[in-house]
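The values are calculated or read from the model by the stated rules, or taken from the named source; none is laboratory data. All of these numbers come straight from a predicted model, not from anything done at the bench. Please note: Cβ atoms are built from the backbone with ideal geometry, for glycine as well, and neighbour counts cover all protein chains shown.
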Amino acid sequence: MKSAVETLNPTRVRLTVEVPFEELKPSLDAAYKKINNQVTVPGFRKGKIPARVIDQRFGRGAVLEEAINDALPKFYTQAVTEGEINVLGQPDVDITEFDDGNELKFTAEVDIRPTIEIPDYSGIEVTVDAVEVSDEDVEKSLQQLRDRFATTTTVDRPAAEGDVVVVDLEASVDGEVLGDGIAKGVSYTIGSGQLLDGIDDAVTGLSAGGSATFTSELKGGSAAGRAAEVKVEVSDVQQRELPELDDEFAQLASEFDTLEELRADSRKRLESMKQYDQATAAQEKVLDALIELTEVAIPEKLLKDEIETRTHNLEHHQFPQMGLTWESFLEREGKTREEYDAQIEEQAIKGIKTQFILDELVGKEKLSVNQEELTEHLVRRAASSGMSPDQFAQAVVEGNQVQLLVGEVARGKALAVVVEAAKVVDSNGEVVDLADDEDEDEAENTEGAEASEGDEAAAKADEA
């Protein structure tokens, strides 16, 4: 077999392959054997029909077609290997010449990973928000904790903001009550914004037994996105009572004995959260800077497929879960369809560039993934998907997604290399050290039990 590679553009090549007829013999033998096992000819046992009889009965052309279908993938793969081509997706194959007894000639056009030159990223410098926790932040956190321990008492007066009302709801569209538009005994805190738009104004001032009607756009159900007339009846008005912010509350709501200890712990937790947000922002900004520095050609077909995948997931998975349509979603986002399509394309381009660049870095830095790293990543992914580590690992193996999981870990390590080399300063001009052993120790403590469960699961994925 002979093959040649022609570069059509930075992300696509054409392979020209010539195969002598004698090299097709294994595929011809396989074709005769396959047909032999599929057909019946009087006077011959199944599987024992001579080749000449198959040619006479079913035509030599049928045999050649079957042989070529068997041979093309093998010779294409061989040509890719010989040409040292890093292909993406499936090729477009065209048989240019073939006659019985003569050589087979075909071409295969396929997308390839672009050649990427990783720039010197040691000069990258980004600025992130400083970690600052104000007294107001701490008090707000304590207030949220008080809210969780609030009690309610029924009162005989009109409902006001902050009260809890127990209501019955009935939604109608075009004068017809919806089958799934009736709800009874719903508890709602006035002013929380966690139910229908317009309900706050409707129930404020109503006492138990009072009712009102308001118009609102439904967020879910059979009429999601449509305007409905909603009748609301109040059956109970309850006043929320917050516990006093004192040592007794600290003992009730935490493991601490005093309010000052609880306040100090709240400050520490807020600082940890802001440090995490700071590290995440630093990673994103460093990655953006690296992408800006690196030239990456995007394969057209890969980009088209990625856009279609993102749009499909939006339409057929996310919209149904949120009870949205394109119209209601675009209205909520304040965008036209053209603007959002442009946004999806921009996100797809960034995603493809990110993967190409980080994969190139994985090779350049000779990064690998060990069992412990795979275990930790598997546990985190399992938790975010609502599955046990063992269930998640089983799904990964059955879906042949092991290499994708390993790739995620490797790219994460590649990004960490770039972030470590970059200079990160906060808004106060202070250099930020993103290596925090204390946070790592805390993460190990909180995930230790899950990680031990994930070891066996990750081993399955690693073996696969």
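Quick check on THR152: is it part of a loop (DSSP other than H, G, I, E, B), over 30 Å from VAL425 (Cβ atoms), modelled with pLDDT under 95 and polar (S, T, N, Q)? It is false that THR152 is part of a loop (DSSP other than H, G, I, E, B), over 30 Å from VAL425 (Cβ atoms), modelled with pLDDT under 95 and polar (S, T, N, Q). When restricted to residues that are under 30 Å from ALA421 (Cα atoms) and surrounded by 15 or more Cβ atoms within 10 Å (Cβ to Cβ), the stretch 79-123 contains 6.
Output the number of residues of the stretch 1-49 satisfying the condition of being in a loop (DSSP other than H, G, I, E, B) and within 22 Å of ASP99 (Cα to Cα). Explain how you work it out, then say what you get.
If we filter the stretch 1-49 for residues that are in a loop (DSSP other than H, G, I, E, B), which is where we start, we get 1, 10-11, 20, 39-49.
Imposing the further condition that a residue be within 22 Å of ASP99 (Cα to Cα) reduces the set to 1, 20.
Counting residues in the stretch 1-49 that are in a loop (DSSP other than H, G, I, E, B) and within 22 Å of ASP99 (Cα to Cα) gives 2.
The single condition from (1) surrounded by 12 or more Cβ atoms within 10 Å (Cβ to Cβ); (2) more than 21 Å from GLU84 (Cβ to Cβ); (3) without any contact (Cβ under 8 Å) to a residue 40 or more places away in the chain; (4) of a type outside the set (A, V, I, L, M, F, W, C) that SER27 fails is (3). The number of residues in the stretch 88-118 being of a type in the set (Val, Ile, Thr) and within 16 Å of VAL17 (Cα to Cα) comes to 5. Taken over the stretch 294-347, the criterion of being of a type in the set (Gly, Ala, Ser) and in contact (Cβ under 8 Å) with a residue 12 or more places away in the chain is satisfied by ALA297, GLY323, SER328.
Each row is one residue, and each column tells you yes or no for (1) modelled with pLDDT under 50; (2) surrounded by 16 or more Cβ atoms within 10 Å (Cβ to Cβ); (3) among the hydroxyl-bearing types (Ser, Thr, Tyr); (4) out of contact with any Leu (no Cβ under 8 Å at 6 or more places or on another chain).
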position: ALA382; (1), (2), (3), (4): no, yes, no, yes
position: PRO389; (1), (2), (3), (4): no, yes, no, no
position: LEU415; (1), (2), (3), (4): no, yes, no, no
position: ALA422; (1), (2), (3), (4): no, yes, no, yes
position: VAL425; (1), (2), (3), (4): no, no, no, yes
position: ASP436; (1), (2), (3), (4): no, no, no, yes
position: GLU440; (1), (2), (3), (4): yes, no, no, yes
position: ALA443; (1), (2), (3), (4): yes, no, no, yes
position: SER452; (1), (2), (3), (4): yes, no, yes, yes
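The criterion of being surrounded by 12 or more Cβ atoms within 10 Å (Cβ to Cβ), closer than 29 Å to LEU218 by Cβ and either in contact with a Cys (Cβ under 7 Å, 6 or more places away or on another chain) or of a type in the set (Gly, Ala, Ser) (or both) holds for ALA171.
So for the stretch 38-59 (the condition being under 16 Å from GLU18 (Cβ atoms) and among the hydrophobic types (A, V, I, L, M, F, W, C)), does at least one residue qualify? Within the stretch 38-59, not a single residue is under 16 Å from GLU18 (Cβ atoms) and among the hydrophobic types (A, V, I, L, M, F, W, C). Can you spot a residue in the stretch 53-70 that is in contact (Cβ under 8 Å) with a residue 24 or more places away in the chain, among the basic types (Lys, Arg) and buried (at least 17 other Cβ atoms within 10 Å of the Cβ)? Taking every residue of the stretch 53-70 in turn, none turns out to be in contact (Cβ under 8 Å) with a residue 24 or more places away in the chain, among the basic types (Lys, Arg) and buried (at least 17 other Cβ atoms within 10 Å of the Cβ). Among the residues of the stretch 300-348, which ones are outside any helix (DSSP H, G or I) and either modelled with pLDDT of 90 or more or in contact with a Phe, Trp or Tyr (Cβ under 9 Å, 6 or more places away or on another chain) (or both)? Hits for the stretch 300-348 are THR325, GLY334, LYS335, THR336. Residues in the stretch 16-31 that are more than 15 Å from SER3 (Cα to Cα) and polar (S, T, N, Q): 1 in all.
Keeping to the stretch 95-148, report how many residues are of a type in the set (D, E, K, R) and within 30 Å of GLN78 (Cα to Cα). Full working, then the answer.
So in the stretch 95-148, the residues of a type in the set (D, E, K, R) come out as 97, 99-100, 103, 105, 109, 111, 113, 117, 120, 125, 129, 132, 135-137, 139-140, 146-148.
From what's left, within 30 Å of GLN78 (Cα to Cα): 97, 99-100, 103, 105, 109, 111, 113, 117.
Residues flagged as of a type in the set (D, E, K, R) and within 30 Å of GLN78 (Cα to Cα) within the stretch 95-148 amount to 9.
Does ALA393 meet the test of being surrounded by 18 or more Cβ atoms within 10 Å (Cβ to Cβ), at pLDDT 90 or above, of a type in the set (A, V, I, L, M, F, W, C) and assigned by TED's automatic domain parsing to the domain that holds ARG269? Against the criterion (surrounded by 18 or more Cβ atoms within 10 Å (Cβ to Cβ), at pLDDT 90 or above, of a type in the set (A, V, I, L, M, F, W, C) and assigned by TED's automatic domain parsing to the domain that holds ARG269), ALA393 does not qualify. Does at least one position in the stretch 74-84 carry a residue that is modelled with pLDDT under 95 and closer than 19 Å to THR11 by Cβ? Looking for residues that are modelled with pLDDT under 95 and closer than 19 Å to THR11 by Cβ, one finds at least one in the stretch 74-84, hence yes.
If you filter the stretch 173-189 down to residues that are of a type in the set (Gly, Ala, Ser) and closer than 30 Å to GLN239 by Cα, you find that the one that is farthest from the chain's Cα centre (by Cα) is GLY185.
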